[in-house]
Amino acid sequence: MKFAILKERKNPPDQRAVFSPEALAQIKLQYADFDVTVESSEHRIFKDEEYKFAGIDVANDISDCAILLGVKEIPVEFLIPNKSYFLFSHTIKKQPHNRLLLKAIIEKNINLYDYELVADENNRRLIGFGRFAGYVGVYNSIRAFGLKFGLFKLPKVNTLSGKEEMIRQLKRIVLPPLKFVITGKGKVGKGAKEILDLIKIKEVTQENYLTKKYSQSVYTQLGVSDYYKRKDDLPFDFENFKVNPQVYVSNFEQFAAISEIYISGHYHAPESPEILSRDILKSEKCNIKVVADIACDIDGPIACTLRSSSIEEPFYGYLPSEHKEVDFFHPAAIVVMAVSNLPSELPRDASIGFGEMLVEHVIPAFFNNDNDGILQRSQITLNGKLMPRFAYLADYIE
């Protein structure tokens with residue numbers, strides 16, 4: 001079975017890779033039938049020579065490979081007909097910018113698998129870059145606070161060697177007693193929590209967070225039942241929330257009133273209520289100084305996320321009284337960090353971590369007849385046709 005590791009072709013170039021050289025060498029030892037070629041790339045965080053040194057073939061021509069693995073979407077003109085692709089396609093929510101990509105995949109008789117759909121039998125996602133987004137989101141939120149108030153200057157993450165140096169930089173600074181609030185307990189939230197724990201920010205219960213003052217920085221982490229409540233004041237019911245989100249409303253105002261830094265690591269369904277609304281933001285009680293919107297949903301649950309920002313220019317200001325963007329040094333501005341590709345700032349660490357997840361959950365499926373249904377659940381198209389569970393995308397394609 002012949003695999004290819006694709007060159008990333010989106011602009012700006014992404015340095016991440018599906019597998020490190022060491023991971024590919026490990027897979028070759030584990031599966032005798034695993035044959036792989038790495039498509040040559042000048043931008044990848046791992047150089048071609050590193051793969052060659054690990055005994056991996058590197059070439060410009062991958063047309064003889066059957067299963068092609070990349071990270072991000074592929075420009076339509078580079079799709080090879082009659083192949084199987086595994087990538088983040090960003091199509092299952094009918095994202096407008098990728099409609100032509102899915103249309104071309106159908107036309108070119110391509111089998112498409114999506115990492116976002118790699119899940120167990122209970123539909124729990126197994127792989128992703130979310131943990132690394134959480135890492136960088138926390139770092140950027142602290143960096144933004146230091147810049148905004150002239151307290152300290154941290155270098156950009158993408159100028160550092162990796163996570164360990166990022167931690168060292170954070171440990172060098174002295175923070176005033178701040179309150180950090182995190183929404184979400186999935187991969188992004190766990191990544192954010194990991195960094196705060198490593199730099200000795202104290203975790204406290206929600207009750208203590210809301211009622212006590214501290215002489216040191218503290219954080220609390222909220223699940224969906226903590227930042228939403230029923231309009232009729234009945235107890236929160238998660239199963240009911242999934243079916244009837246319209247009967248729920250944000251309960252976040254109490255956290256906004258006492259938090260300096262808000263880190264959003266939640267999943268937000270399109271029908272769900274806002275979390276941090278315009279009314280909360282413009283309230284005189286709102287104390288938030290920095291919002292790190294890791295999910296970066298424009299016109300979504302975080303009202304101050306007016307647009308996505310970039311790795312080069314990660315911060316902008318939000319003026320609550322006028323609901324508009326201003327310079328983030330404006331005295332009345334809340335700093336917003338809404339970079340949509342945060343893991344790209346830690347390309348080596350993120351690539352190694354992602355590869356480890358693939359080795360555990362995905363690669364075995366190609367050699368055990370997909371005993372656990374991993375491939376079946378993650379497949380969007382087969383032989384140029386939508387899989388039945390994705391039939392709803394037909395009108396999107398047309």
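Given N residues in the stretch 130-345, what is its alpha carbon radius of gyration divided by 2.2 N^0.38 Å?
0.96
Run the dipole for the chain about the Cα centre, Lys and Arg Cβ at +1, Asp and Glu Cβ at -1, nothing else charged, and hand back the magnitude in debye, nearest 20.
1020
Taking the number of other C-beta atoms within 10 Å as the exposure measure, put Thr381, Thr205 in order starting with the fewest.
Listing Thr381, Thr205 from fewest to most nearby Cβ atoms yields Thr205, Thr381.
Nearest 20 debye, what's the magnitude of the dipole of the stretch 69-153 about its Cα centre given +1 on Lys and Arg Cβ and -1 on Asp and Glu Cβ?
420
Going through the stretch 115-198, which GluC sites (Glu not before Pro) have at most 14 other Cβ atoms within 10 Å and a DSSP loop state?
Glu121
With +1 assigned to the C-beta of every Lys and Arg and -1 to the C-beta of every Asp and Glu, and no other charges, what is the dipole magnitude of the stretch 111-219 about the Cα centre in debye, to the nearest 20?
Using only the charged Cβ atoms, the result is roughly 640 debye.
Which FRET efficiency value, to the nearest 0.05, is calculated for Asp395 and Ile298 with the Förster distance at 22 angstrom and r the Cβ-Cβ distance?
0.45
Which residue, Leu281, Leu234, Phe328, has the largest displacement toward the positive end of the dipole of the stretch 130-345 when charges sit on each Cβ (Lys, Arg +1; Asp, Glu -1)?
Phe328
Stick to the Cα atoms of the stretch 1-160, pair each with every other, and give me the Kirkwood hydrodynamic radius in Å at one decimal.
17.8
Tell me the volume per residue, in Å³, of the convex hull enclosing the alpha carbons of the chain. Working shown, then result.
Working: hull volume 60.4 nm³, N = 398.
Dividing the Cα hull volume of the chain by its residues yields 152 Å³.
Count the net charge of all other residues whose Cβ sits under 14 Å from the Cβ of Tyr214, scoring Lys and Arg as +1 and Asp and Glu as -1.
It works out to a net charge of +2.
From the mean inverse distance of alpha carbon pairs (Kirkwood) and the Cα radius of gyration, derive Rg over Rh for the stretch 192-271.
1.01
What value in Å³ per residue do you get for the convex hull of the alpha-carbon atoms in the stretch 250-398?
It is 181 Å³ per residue.
Show me 335-345, 299-309 ranked by packing, highest mean number of other Cβ atoms within 10 Å first.
Sorting 335-345, 299-309 by mean packing, highest first, produces 335-345, 299-309.
Between their Cα atoms, which of Lys289/Lys324; Lys187/Lys231; Lys10/Lys94; Lys2/Lys108; Lys163/Lys200 are more than 23 Å away from each other?
Lys187/Lys231
Just the number: Rg to Rh for the stretch 243-331, Cα atoms, Kirkwood Rh, two decimals.
Taking Rh as the inverse mean 1/r over Cα pairs, Rg/Rh reads 0.95.
For Lys213, which aspartates and glutamates qualify as cross-link partners when the Cα separation must be under 17 Å and same-chain residues fewer than eight apart are set aside?
Glu203, Glu260
Figure the gain on full extension for Asn60 and Asn11 (residue separation times 0.36 nm, minus the Cα-Cα span) and round it to one decimal in nm.
Values: separation 49, 0.36 × 49 = 17.64 nm, distance 1.91 nm.
That works out to 15.7 nm of additional length.
How large, in Å, is the stretch 335-398 by the Kirkwood hydrodynamic radius built from its alpha-carbon pairs?
14.9
Shape of the stretch 94-240 from its Cα gyration tensor (a ≥ b ≥ c, root eigenvalues): rounded if a/c is under 1.5, otherwise prolate when a/b > b/c, or oblate? Provide the component values of the computation, followed by the final result.
On the way: a/c = 2.51, a/b = 1.35, b/c = 1.86.
Note, shape of the stretch 94-240 comes out oblate.
A short reminder: the numbers here are calculations on the coordinates, not readings from a lab. From a predicted model like this one, the values you see are computed outputs, not experimental measurements. Cβ coordinates were reconstructed from backbone atoms using ideal geometry, including for glycine residues, and neighbour counts include every protein chain displayed.
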